[in-house]
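Have a look at the structure below before the remarks.
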Amino acid sequence: MDDSGLPPNWEVRHSNSKNLPYYFNSIEKISRWEPPNGTDTEKLKKYMATHHSATQISSTSRPEGKIRAAHLLVKHRDSRRPASWRENEITRTKEEAMAIIKGHEQKIKSGAVSLGELAMSESDCSSARKRGDLGYFGKGDMQKEFEEAAFALQPGQMSGVVETASGLHLIERLV
């Protein structure tokens, strides 16, 4: 195991189409968005923060009919896919996830930390590497509850907790 915390033959690569890191096994020639079993998640968090995090949000022109948002996702055992780059198997209850995300919401609202800063270490979405930035998206691109909450925000505003099949989100509209 190297400083990335990944098991032998696994490496971090970067998807040009999604602009996100993914995991690739050079022997078996398989790739996946979530870390493989046997990953040292603490080592991986440090490695990803150092080598694969966005340090700034680029300012490109806004495509017609699209908005740009970032989010922080806390999954629970009943989420549609209860695994993430942080944990191979998420076992927390929905109530525990709600307590966690409410704590994050308070930290952000108090000004102690930004959503983007917190997302890098605490979000269960692979967008954590990009400070939770999901890029531009239009109507119909995201889950209904997420889309409705994101489009209702003004740039710079953060939502309350939004529940989707993926888990619990805090959403910040960027553009």
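State all residues of the range 122-142 that are polar (S, T, N, Q) and at pLDDT below 95; if no residue qualifies, say none.
Ser126, Ser127 - these are the residues of the range 122-142 that are polar (S, T, N, Q) and at pLDDT below 95.
Please work out which one of (1) at pLDDT 90 or above; (2) more than 15 Å from Ala119 (Cα to Cα); (3) touching a helix residue (DSSP H, G or I) at 6+ places or on another chain (Cβ under 8 Å) is the condition Ala70 fails and give its number.
Tallying (1) at pLDDT 90 or above; (2) more than 15 Å from Ala119 (Cα to Cα); (3) touching a helix residue (DSSP H, G or I) at 6+ places or on another chain (Cβ under 8 Å), Ala70 fails exactly one: (2).
With the requirement that a residue be open to solvent by 30 Å² or more (accessible area, probe 1.4 Å) and touching a strand residue (DSSP E or B) at 6+ places or on another chain (Cβ under 8 Å), what does the range 110-124 give you?
Result: Glu122, single match.
Within the range 142-165, can you find the residues that are open to solvent by 20 Å² or more (accessible area, probe 1.4 Å), under 29 Å from Glu89 (Cα atoms), in contact with a strand residue (DSSP E or B) (Cβ under 9 Å, 6 or more places away or on another chain) and part of a loop (DSSP other than H, G, I, E, B)?
Met142, Gln143, Gly160, Val161, listed by residue number.
Tally time: how many residues in the range 75-93 are free of Cβ contacts under 8 Å to residues at least 40 places away in the same chain and surrounded by fewer than 16 Cβ atoms within 10 Å (Cβ to Cβ)?
5
Return the residues of the range 143-175 that are β-branched (Val, Ile, Thr) and at pLDDT below 95; say none if nothing qualifies.
Hit for the range 143-175 is Val175, nothing else.
Taking the conditions exactly as written (over 30 Å from Lys46 (Cβ atoms), under 17 Å from the mean Cα position of the chain (by Cα) and not aliphatic (A, V, I, L, M)), does Asp141 satisfy them or not?
For Asp141, the condition - over 30 Å from Lys46 (Cβ atoms), under 17 Å from the mean Cα position of the chain (by Cα) and not aliphatic (A, V, I, L, M) - is met.
Considering only the range 31-53, state which residues are loosely packed, with under 12 Cβ neighbours inside 10 Å and over 16 Å from Ser84 (Cα atoms).
Correct list: Thr50 only.
If Asn16 satisfies all but one of (1) closer than 30 Å to Gln157 by Cβ; (2) modelled with pLDDT under 90; (3) loosely packed, with under 15 Cβ neighbours inside 10 Å; (4) not aliphatic (A, V, I, L, M), what's the number of the condition it fails?
Going through the list (1) closer than 30 Å to Gln157 by Cβ; (2) modelled with pLDDT under 90; (3) loosely packed, with under 15 Cβ neighbours inside 10 Å; (4) not aliphatic (A, V, I, L, M), Asn16 breaks only (1).
For the range 106-140, name all the residues that are part of a loop (DSSP other than H, G, I, E, B) and without any contact (Cβ under 8 Å) to a residue 60 or more places away in the chain.
Once the filter is applied, which keeps residues that are part of a loop (DSSP other than H, G, I, E, B) and without any contact (Cβ under 8 Å) to a residue 60 or more places away in the chain, the range 106-140 yields Ser110, Gly111, Ala112, Val113, Ser114, Ser123, Asp124, Cys125, Gly140.
The values are calculated or read from the model by the stated rules, or taken from the named source; none is laboratory data. In this text, all values refer to a predicted model and were calculated from it rather than measured experimentally. Note: ideal-geometry Cβ built from the backbone for every residue, glycine included; neighbour counts use all protein chains shown. These accessible areas exclude ligands, DNA and RNA; they are computed on the full protein's heavy atoms, side chains included. Shrake-Rupley method; radii C 1.70, N 1.55, O 1.52, S 1.80 Å.
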